[in-house]
Amino acid sequence: MNSKTHTVVDSPLGPLTLVATDGVLSALYMSEHRHKPGEETFGERVPAGEEPFAAVVRELTAYFGGELTRFTVPVRLEGTPFQRSVWAQLQRIPYGETWSYGRLAAELGNPNASRAVGLANGKNPVSIIVPCHRVIGASGAMTGYGGGLDRKVRLLELEREPGRTPAGQITARGTRSANPAPASTA
């Protein structure tokens, strides 16, 4: 039987729920996340300072601060074999770049599977770290995002111009970020 724990932290995008399965990050959900399961499935709530959450918080803080371009925390991705192949491919999209659903399907060896790729992308359980926000429509249009299109745009802006999205530390839910940087007015 899998042992699950979770914590909730504040971020520049609002509250993030981090879930670990057997001590490995298995989910990162934003508030009002489209495919977020019921909280009763997240297991016991533990402090954000416990592992694996402490390492995740360090990396998220560095990411939002514009200092981290590639996450190294281990993740446990639970889904169908096709979903896991899509999520693995997502991790190959370079920081600051976007791919279309068609390109993602072609990279998987099936250029006609863009719709299936889009569905799998939308079910990604580890947002931000597995960068599903880097996938856009073929025309360059912003398309669906489980955490909301406004957050997708903010993540892409952060990656294109670090510091443009309000930065701050990731903190345990209920505490305040220390000295968040103001948003750029440029």
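The values are calculated or read from the model by the stated rules, or taken from the named source; none is laboratory data. Quick caveat: nothing in here was measured; it's all calculated off a predicted structure. Here the Cβ is made from the backbone with ideal geometry for all residues, glycine too, and neighbour counts use every protein chain on show. Accessible surface areas use protein heavy atoms only, side chains included; no ligands, DNA or RNA. Shrake-Rupley method; radii C 1.70, N 1.55, O 1.52, S 1.80 Å.
With the structure loaded, tell me whether ARG92 is in contact with a helix residue (DSSP H, G or I) (Cβ under 9 Å, 6 or more places away or on another chain), of a type in the set (Lys, Arg), closer than 24 Å to GLY140 by Cβ and without any contact (Cβ under 8 Å) to a residue 60 or more places away in the chain or whether it fails that test. Spelling it out, ARG92 is indeed in contact with a helix residue (DSSP H, G or I) (Cβ under 9 Å, 6 or more places away or on another chain), of a type in the set (Lys, Arg), closer than 24 Å to GLY140 by Cβ and without any contact (Cβ under 8 Å) to a residue 60 or more places away in the chain.
Of the residues that sit in region 13-30 and are open to solvent by 30 Å² or more (accessible area, probe 1.4 Å) and not in a strand (DSSP E or B), which one is farthest from THR72 (Cα to Cα)? Residue satisfying both the conditions and the ranking: PRO15. Taken over region 31-53, residues that are surrounded by 14 or more Cβ atoms within 10 Å (Cβ to Cβ) and within 23 Å of CYS132 (Cα to Cα) amount to 6. Under the condition of being open to solvent by 40 Å² or more (accessible area, probe 1.4 Å) and either β-branched (Val, Ile, Thr) or assigned to a loop (DSSP other than H, G, I, E, B) (or both), the residues counted in region 76-97 number 8.
All conditions in (1) surrounded by fewer than 23 Cβ atoms within 10 Å (Cβ to Cβ); (2) farther than 18 Å from LEU60 by Cβ; (3) modelled with pLDDT of 85 or more; (4) of a type outside the set (A, V, I, L, M, F, W, C) hold for GLY140, with the sole exception of (3).
Are any of the residues in region 112-122 within 13 Å of the chain's Cα centre (by Cα), outside any loop (DSSP other than H, G, I, E, B), free of Cβ contacts under 8 Å to residues at least 60 places away in the same chain and within 21 Å of GLU59 (Cα to Cα)? So far as region 112-122 goes, no, none of its residues is within 13 Å of the chain's Cα centre (by Cα), outside any loop (DSSP other than H, G, I, E, B), free of Cβ contacts under 8 Å to residues at least 60 places away in the same chain and within 21 Å of GLU59 (Cα to Cα).
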